[in-house]
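Shown next, in structure tokens, is the structure this report addresses.
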Amino acid sequence: MSTEKPAPHFNTLSDRARYYTSGLTSRLGHALWQRGIHPDWLTAAGLVIVALAGLVASQGHFFWAGIIVILGSPLDALDGAVARAMQRKGKFGAFFDSTLDRYADGFLFMGLAYYFSERGNQTGVLLSILALLGSLLVSYTRARAEGLDLDCKIGLFTRMERIAVLLIMLLTGWVLPGLWIMVIGTHVTVIQRIVYVYQQLKERENAS
């Protein structure tokens, strides 16, 4: 009889990435906690780095903005790992991390909008605003669904996919095509989540 465990089911690319990197991040989290590093410090440091990337992007230095985002990305995983290492019980850390993630989205897209505005590219400004709106709504729909006791991680463009597209468009300089992809992907995801929540609530009502 085979004793192999069945492969876990992943709803999103983010879940898959966390699963396969959990061993490494766990070890790093323990090491940082033993050195007195608090997870909220890492969360705040990550925001500062992304804000710097947004500033660099606003000046048209897209490649270097992408490099800065890459350098800051590990902090997004390590703050949670340190919190688990210290066996943090409260929920403030998750709230703080989620809130600063929204600020990070804002800084990056504001930087792009400023760049296009300075060059009179109204299409670029509009796409930057729509991409920011879509990113915020993807996160909001999940949070609101969780308030209704629904796990809503489904959708085409979760955070990992958004970061991947953002990095590709910054590193290649294909910013406008990337923004089009971001706008379409995020708003499709919002629609997917609205439909999902509607179906789940309908099933709950019919079962009651």
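Values quoted throughout were computed directly from the atomic coordinates according to the rules given, and no laboratory measurement underlies them. On a predicted model such as this, the values are computed, not experimentally measured, just so you know. Here the Cβ positions follow ideal geometry from the backbone for every residue, glycine too, while neighbour counts run over all protein chains shown.
Ignoring the sites themselves, the chain has its longest run without trypsin sites (Lys or Arg not before Pro) in a DSSP loop having at most 11 other Cβ atoms within 10 Å at 120-208. Farthest toward the positive end of the dipole of the chain, out of G72, V48, Q34, is the Cα of Q34, where the dipole comes from beta carbon charges about the Cα centre. Taken over region 133-208, the convex hull of the Cα atoms encloses 66 Å³ per residue. Each principal axis of the Cα atoms in region 49-208 has its own extent, and those three values, largest first, are 57, 39, 20 angstrom.
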